[in-house]
């Protein structure tokens, strides 16, 4: 006979895997757009490499952001079977829309706003963490990514370009440079694991503890690791399903960058995301960090007018606003309906 606990945990875990598939599709772009745009890695190799590094990043460096999403935005006691299922399903639908449009999306922003919805509905929002750390980081970090990349592009890359180093076939085709680009893409995927896997694993871990009635402080890390073991592999599946369209748009259609630029873009964006994960456990957007770095290099190389006129950046900005709003709105609607029909045992 199947335990009632099994029935309660199965649906949220399945939804979390569905969400992770969509997150994998969205995250493939910022991870491998630089290497793919510079023709360093084959498209067929991307899902496997991406999935492995996401998995390692989640296990090694994912505790901070999982704790934030799972317990520091709202009262963890609220993360029951029904609420977690609603939150994760709403985020998955929002990300599915952006993946079908081929627009890399901020999984962290969609998840945080979805978690905020029940917190607001029940009056349990941790405003301090959200307003003083998470939201400011969303605005500050992409700007930092842009500025750092622009300065590197202007004062390091352009002088190298004038001296002919960036167009030297001996340098550009060297195994050392190609290996460095691939290493940077793996570094980005690792950073995604450290930050974005928590969007699904954090709420799932807290819900599992609540449903099993065990001590949160003593068991959260263990349950989070077990949740990560289930969720993280789905990122690779999502990469194989949605990754090509997203990588093509970020890697080929925003700006035609070279191999040296690819290293700069990957290193800046991944380092900022990993820093946010390890220092304050802040779930933030690698997509926006990555595009900020691409634009910084692009402006230094081609000028602001050319970059913003010739590319699809405006489409990216619109989807960044729409998708988190959809996740928040759907969650709030479903929470209200569940509460109205007595489906929330709170």
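Where residues in region 34-71 are without any contact (Cβ under 8 Å) to a residue 40 or more places away in the chain and in a loop (DSSP other than H, G, I, E, B), which of them is surrounded by the most Cβ atoms within 10 Å (Cβ to Cβ)?
Taking region 34-71 first, the residues without any contact (Cβ under 8 Å) to a residue 40 or more places away in the chain are 39, 42, 44-45.
Okay, now just the ones that are also in a loop (DSSP other than H, G, I, E, B), so 39, 42.
Numbers: 39: 14, 42: 9.
The selected residue is 39.
Applying the selection to region 114-132, what residues are more than 20 Å from residue 327 (Cβ to Cβ) and in a helix (DSSP H, G or I)?
Of the residues in region 114-132, the ones more than 20 Å from residue 327 (Cβ to Cβ) are 123, 128, 132.
Passing the criteria: 128, 132.
Among the residues of region 81-101, is any over 15 Å from residue 327 (Cα atoms), in contact with a helix residue (DSSP H, G or I) (Cβ under 7 Å, 6 or more places away or on another chain) and not in a helix (DSSP H, G or I)?
yes
Tally the residues that are surrounded by 16 or more Cβ atoms within 10 Å (Cβ to Cβ) and more than 18 Å from residue 283 (Cβ to Cβ), restricting the search to region 180-224. Write out each step before concluding.
In the first step, residues of region 180-224 are kept if they are surrounded by 16 or more Cβ atoms within 10 Å (Cβ to Cβ); the result is 180-182, 184-211, 220, 223-224.
Narrowing further to those that are more than 18 Å from residue 283 (Cβ to Cβ): 180-182, 184-187, 208-211, 223.
The qualifying residues number 12.
Given 94, 101, which one is surrounded by fewer than 18 Cβ atoms within 10 Å (Cβ to Cβ), at pLDDT below 90 and closer than 25 Å to residue 291 by Cβ?
Unique residue meeting the criteria: 101.
Condition first: surrounded by fewer than 24 Cβ atoms within 10 Å (Cβ to Cβ) and assigned to a helix (DSSP H, G or I). Now tell me which residues in region 273-294 satisfy that.
274, 275, 278, 279
Which of the helices (runs of 4 or more DSSP H) contained wholly in region 157-216 include at least 2 residues that are free of Cβ contacts under 8 Å to residues at least 40 places away in the same chain and either within 30 Å of residue 70 (Cα to Cα) or over 30 Å from the mean Cα position of the chain (by Cα) (or both)?
Output list reads 158-162, 169-172.
The values are calculated or read from the model by the stated rules, or taken from the named source; none is laboratory data. Keep in mind the model is a prediction, meaning the values are calculated, not measured. For neighbour counting, all protein chains shown are included, and Cβ atoms are generated from backbone atoms with ideal geometry for every residue, glycine included.
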